[in-house]
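Asker: Take this structure first; my questions come after.
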Amino acid sequence: MTDKKSPSKLRLMLELFISFFKIGAFTFGGGYAMIPLIQHEMVEKKGWISDDDILEIIAIAESTPGPIAINMATFVGTRTCGFFGAFCATFGVVLPSFIVISVVARLLREFSDIKAVQYAFNGIRAGVLALLLKALYTMYKKVKKDVFGYVVMLAAFLVASFTDISVLIVIICCAICGIVSSLIISRKEHKL
């Protein structure tokens, strides 16, 4: 934690809950759309984690089971305030969706034929795409750029987009490529 003053643990858990509740309540489009909001709130506004942590969280959250937003909330909560911080952050990010889905499930059948509702969802989809592109741009600026990274990125994109191979397999293969590359680089450096 990088804050100058250290709030009590109970207050910190409440802040985690409120922060992730706001993120969960005001983000449409799932976990990827939450990435820029989590980055802004946790890094820029609260200072609880760093930009490097965000990249690590995304890599870990992508390679572990479960939705990315829940995994990210759990990681930030754990890093900030241990087990109970993880619980508060995770509960905060999940609760708005649970409430909204419970209400929408009851009302959707009645309102789905209304043109204004259909247009609203079209606008929401466009906004979600913009948030995803912003997250992609932010991650691209921070990641190390080299030929190997571009080759792995292109290969992963092509395999995930144009084959029926599971995205989990693609992520595991990318991780293996990264490990092998690191081992080769470190062996070359030790020989010098």
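The values are calculated or read from the model by the stated rules, or taken from the named source; none is laboratory data. Note that this is a predicted model, so its numbers are computed, not measured. For neighbour counting, all protein chains shown are included, and Cβ atoms are generated from backbone atoms with ideal geometry for every residue, glycine included. Surface accessibility is based on the protein's heavy atoms, side chains included, excluding ligands, DNA and RNA. Shrake-Rupley method; radii C 1.70, N 1.55, O 1.52, S 1.80 Å.
Asker: Within the range 72-88, track down each residue that is open to solvent by less than 80 Å² (accessible area, probe 1.4 Å) and in contact (Cβ under 8 Å) with a residue 24 or more places away in the chain.
Answerer: Matches in the range 72-88: Met72, Ala73, Val76, Gly77, Thr80, Cys81, Gly85, Cys88.
Asker: Follow-up question, since we're still on this one. Looking at (1) within 21 Å of the chain's Cα centre (by Cα); (2) open to solvent by less than 90 Å² (accessible area, probe 1.4 Å); (3) free of Cβ contacts under 8 Å to residues at least 60 places away in the same chain; (4) within 22 Å of Ile171 (Cβ to Cβ), find the lone condition where Met139 falls short.
Answerer: Result: Met139 passes all but (3).
Asker: Please determine whether any residue of the range 7-20 is at pLDDT below 85 and open to solvent by less than 50 Å² (accessible area, probe 1.4 Å).
Answerer: yes
Asker: Here is a further query. Anything in the range 35-53 that is crowded, with 21+ Cβ neighbours inside 10 Å and touching a residue at least 60 places away in the same chain (Cβ under 8 Å)? List them, or say none.
Answerer: Residues satisfying the conditions are Ile35, Pro36, Gln39.
Asker: Additional query: Give the residues of the range 159-177 that are farther than 25 Å from Pro36 by Cα and in a helix (DSSP H, G or I), sorted by residue number. First the steps, then the outcome.
Answerer: So the first thing to find is which residues in the range 159-177 are farther than 25 Å from Pro36 by Cα, and the list is 159, 162-166, 169, 173, 176-177.
Matches in the range 159-177: Val159, Phe162, Ile169, Cys173, Ile176, Cys177.
Asker: Being of a type in the set (A, V, I, L, M) and in contact with a Ser or Thr (Cβ under 8 Å, 6 or more places away or on another chain) is the filter here; which residues of the range 111-152 pass it? Steps first, please.
Answerer: Step one: of the range 111-152, the residues of a type in the set (A, V, I, L, M) are 114, 116-117, 120, 124, 126, 128-133, 135-136, 139, 143, 147, 151-152.
Scanning the range 111-152 gives a single hit, Leu131.
Asker: Return yes when Gly123 is surrounded by 12 or more Cβ atoms within 10 Å (Cβ to Cβ) and under 25 Å from Gln39 (Cα atoms) and no when it is not. Quick ask: steps written out before the conclusion?
Answerer: Numbers: surrounded by 12 or more Cβ atoms within 10 Å (Cβ to Cβ): no; under 25 Å from Gln39 (Cα atoms): yes.
The answer is no for Gly123.
Asker: With the checklist (1) loosely packed, with under 11 Cβ neighbours inside 10 Å; (2) assigned to a helix (DSSP H, G or I); (3) more than 21 Å from the chain's Cα centre (by Cα) in hand, flag the one item Val151 doesn't pass.
Answerer: Evaluating Val151 over (1) loosely packed, with under 11 Cβ neighbours inside 10 Å; (2) assigned to a helix (DSSP H, G or I); (3) more than 21 Å from the chain's Cα centre (by Cα) leaves (1) as the failure.
Asker: Could you check how many residues of the range 19-52 are in contact with a helix residue (DSSP H, G or I) (Cβ under 7 Å, 6 or more places away or on another chain), in a helix (DSSP H, G or I) and farther than 23 Å from Arg125 by Cα?
Answerer: The qualifying residues number 4.
Asker: Within the range 89-114, count every residue that is open to solvent by 70 Å² or more (accessible area, probe 1.4 Å) and either among the aromatic types (Phe, Trp, Tyr) or within 9 Å of Ala25 (Cα to Cα) (or both).
Answerer: Within the range 89-114, residues that are open to solvent by 70 Å² or more (accessible area, probe 1.4 Å) and either among the aromatic types (Phe, Trp, Tyr) or within 9 Å of Ala25 (Cα to Cα) (or both) number 4.
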